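Each remark here refers to the structure printed beneath this line.
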Amino acid sequence: MQNKEEQFIQKSDFWEKCIQQNTGKRICQKRTKMQLKHQNIRYINCAPFISDFQKLSAECQSAGYSGTLIPYKCDLSNEEEILSMFSAIKTLHKGVDVCINNAGLAHNEPLLSGKTEGWRNMIDVNVLALCICTREAYKSMKERNVDDGHIINVNSMGGHRVVPSADEHFYCATKYAVTALTEGIRQELREANTHVRATCISPGVVETEFAFRHHNSDPEKAAGVYESMKIGDVQMRPVEQVS
């Protein structure tokens, strides 16, 4: 028996024949499988490690799902690899209709004692990669006269308040940047007189491998992050709205 979420996905026709690109390893496999089962989309998921996605892709293909999951290996801290990925998508799939900027990471590098290398890596992935992917995705939409595309930035509640933990402060700064960037993108889309949408989703704690990578030297601390799960905020404004 289908739940309400699956019924909604099955009835929705927005994603039909859509080319959807997701950056980062943090996706909900259950939700992705439901979408691929009912909708004829090409879901391109790029990440530096893709073995899990290759297994999921094979599973969906053997089940005869309508949609297709296409894993693509890409280091999002490297602009050349991102541009190469978009070039390959253009050649093989014509372009991108929906871009989900989902990649993000955190390092235990406080502001007063942290290493520059860790800060730079967070900027490269959490901020610059998002901007590069957004620019290239919009360019792809514009070239093909796609006027109903979508740019979705997966932010964080850390992009709206600074948590009282030195290990998170620089990470929060990158997520505040995502909040500002999404509003900037929305304003520029409005100025361009397009109906391409920009969405910023700011969840609270979501159970992925994120905390275990962030606290890789302390598995108990990482596990404790998920003990109290909370729902975050979703803030939406029409592209046409001035401010």
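The values are calculated or read from the model by the stated rules, or taken from the named source; none is laboratory data. This structure is a prediction, so every number in the text was calculated from the model and none was measured. Don't worry about glycine lacking a Cβ; one is built from the backbone with ideal geometry, like all the others, and counts go over all protein chains shown. The protein model used for the area step is the full one, side chains on, heavy atoms only, and it has no ligands, DNA or RNA in it. Shrake-Rupley method; radii C 1.70, N 1.55, O 1.52, S 1.80 Å.
Observations on the structure shown:
- Solvent accessible area, Å² - VAL163, 1.4 Å probe, full protein context: 30
- Residue by residue, segment 88-104 carries 3J(HN,Hα) couplings of 5, 4, 5, 5, 8, 10, 6, x, 10, 9, 9, 10, 10, 7, 10, 5, x Hz when phi is fed to the Karplus relation 6.51 cos²θ - 1.76 cosθ + 1.60 (θ = phi - 60°); x denotes Gly or Pro.
- Pair THR91, LYS142: separation of 7 Å Cα→Cβ label points (nm): 2.4
- Segment 104-154, accessible surface, carbon-and-sulfur percent (1.4 angstrom probe): 57
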